[in-house]
Amino acid sequence: MIYPPPPQLKNKNLFQTKPFIHNEFINSNSTKTFKVINPATEEIIAELPEQTSEEIEHAIKLSYEAFQTFRRTSVHERSKMLRKLFNLIMENVDDLATLITLENGKSFADSKGEIVYGASYFEWFAEESKRNYGEVIQPTNPNNKIITLKQPVGVVGLLCPFNFPSAMATRKAAPAWAVGCTCVLKPDSQTPLSSLALAYLAKEAGFPPSVFNVVLASTESTPMVGKMICENSLIKKVSFTGSTAVGKLLMKQSSTSLKKLSMELGGNAPIIVFNDADLELAVTQSIASKFRSLGQTCVCANRIFVQSEIYDKFCEKFALAMKKFKIGNGLDEGVTHGCLINTKSIAKVEDQMKDALDKGAKILVEGGRLSNLGKNFYSPSALYDVPFDSKVFHEETFGPLAAIAKFEKRDEILDICNDTPYGLASYIFSESLNNVWYMSEFLESGMVSVNTGVFTDCSLPFGGVKESGFGREGSLHGMDDYTVVKSINLGNIYR
Ligand code: SIN
């Protein structure tokens, strides 16, 4: 069955439903297919081939061959392609955002924000690519000089999640191309259309064949394709964004060929609101952090801790702010929050909510399923007086449930915040430099956000510590993960 491009798209070329290999959308030999379903309407948007393992191996081989020439292109040529791709994305913002909302369910405003955010990585790395500097080192032998070069690691496997169908692909591909790597990308089976649209634009921007290959796999075959990518010795690095459990598995599989890895994994972000915080700001920004993409980001607030003097006022204002949410089809006018990708995260929210209520938490905002809108719709919930031993404080929610608790002392809450295997993001709201500095220094997380709930940016080194993973994406550090240092010792130079 062939599905027509969604009527909302102005540029119909952005709707692609075949694997993108060697700069062509190709037919697969596979007879198996998988469907992409709009989570808001439950309608089928597209039916895509589930590629065979031979096809995926072939795509990797082509990317390996392409690497041999792409690595030799001048950095200025690559910079121009990256800049052109940035421009092309910006010329197609509305269409690309529409695709995200159709396949992911988030509101159109959120999708537009994602496209602009994702595009900014191409602009950033178009510039940063020129600064992939090496060093000159003075060795102990005075007749020698040591020079280091940062060289592209090789073919990289990019394993991308559903929650940012475009921006996670761009955040990985932009630095990889900046340094001369080629990529084989596997999008999440629920949201592959944004990656295919990106592939179309990458070709338009002038990237040579097989610098970007997009392979397609269903949810069922994803573990097999992930394993193939991790075990294939032609791939020299894997960058994964997803759960900690899957990250650990991929790491094990990658050990067979000892690959370089970047792991952007789960989080359990605390928000700490001190008595001296700007209360209005703390409330609006906590809402922004908690309910961005309905809680489906790794950096969404998972635990909200508010100091005792402002606790009651914070809860009251938090509940009032949630009343302004308009839940609906993300493409409808005025909708602030769309739907979830599937019912799994609703079940998790319900489970964590029941557990917290059983332990003594109280309801601040009673949300719940919105079956009249569809099975993936859920009106966000909030709890207060949540006991510290509740599941919601120890497991990543990845859904629309806010859990709030009171604290008295700074050191007591610092210990509670750090009592988790995760360490991705933390948020602090305070007007005191001492509080801000102390918490920033001792919170065990890769990123700390002060007085803002939305902190990510192409210029920020994004990444975690502990079981939230390792590696940094974006910023001046973003290219390092795609390079290897070569040391050249120039001997006897003063002959
Ligand atoms: C993530 O959820 O991993 C990405 C969040 C962001 O880049 O803002």
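What follows is calculated from the coordinates using simple rules that are stated; it is not laboratory data. What you are looking at is a predicted structure, and each value in this text was computed from that prediction instead of being measured. Heads up, the Cβs are rebuilt from the backbone with ideal geometry, glycines too, and the neighbour counts pull from every protein chain shown.
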Cut-off under 5 Å, modelled amide H: who pairs with ASN302 long-range:
ALA269, ILE271
Angle in degrees between helix 193-204 and the longest Cα principal axis of the chain, rounded to the nearest 10
40
Backbone HN-Hα couplings from phi across region 61-66 [Karplus 6.51/-1.76/1.60, Hz, Gly and Pro as x]
4, 4, 5, 5, 5, 5
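Ranked highest first by the average count of other Cβ atoms within 10 Å around their residues, in what order do 59-71, 249-261 fall?
Details: 59-71: 19.5, 249-261: 16.7.
Answer by packing, highest mean first, reads 59-71, 249-261.
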Taking a cut-off of 15 Å between Cα atoms, list the aspartates and glutamates near LYS323, but don't count ones fewer than 8 places away on the same chain.
GLU366
Mind pulling the per residue volume of the convex hull built on the Cα atoms of region 379-422? Å³ is fine.
72
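What does the highest-first list of 74-84, 332-342, 155-165 look like by mean Cβ count within 10 Å?
Details: 74-84: 16.5, 332-342: 19.4, 155-165: 26.5.
The most tightly packed comes first, giving 155-165, 332-342, 74-84.
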On Cα atoms only, tilt of 344-359 relative to the major axis of the chain in degrees:
40
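Can you give the extra length, in nm with one decimal, that the chain gains between ALA245 and SER233 once fully stretched, where that is 0.36 nm per residue apart less the Cα-Cα distance?
Working: separation 12, 0.36 × 12 = 4.32 nm, distance 2.30 nm.
2.0 nm is the gain from fully extending ALA245 to SER233.
Cα convex hull of the chain: mean projected area in nm², to one decimal?
On the way: hull surface 99.4 nm².
Approximately 24.8 nm², given one-decimal rounding.
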What is the helix-to-structure angle for 93-104, meaning the angle in degrees between its Cα long axis and the longest Cα principal axis of the chain, kept from 0 to 90 and rounded to the nearest 10?
70
Tell me which residues come under 5 Å, amide H to amide H, from THR483 once H is placed; ignore anything under 5 positions away on its chain.
VAL153
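Set the bar at 26 Å for Cα to Cα. Now go through LYS252/LYS466; LYS61/LYS259; LYS290/LYS466; LYS35/LYS259; LYS237/LYS466 and name every pair that lies beyond it. The partial results should precede the final answer.
Details: LYS252/LYS466 17 Å; LYS61/LYS259 17 Å; LYS290/LYS466 22 Å; LYS35/LYS259 32 Å; LYS237/LYS466 20 Å.
Distance filter (> 26 Å) returns LYS35/LYS259.
Based only on Cα atoms, what Rg/Rh ratio does region 112-238 have, Rh being taken as Kirkwood's radius? Write out the running numbers ahead of the final one.
Working: Rg = 17.4 Å, Rh = 16.1 Å.
Using Cα coordinates only, the ratio equals 1.08.
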Given region 227-331, what whole percent of its Cα pairs are spread farther than 22 Å?
51
Can you list the lysines whose alpha carbon sits under 17 Å from that of LYS344, skipping same-chain ones fewer than 8 residues off?
LYS106, LYS354, LYS375, LYS391
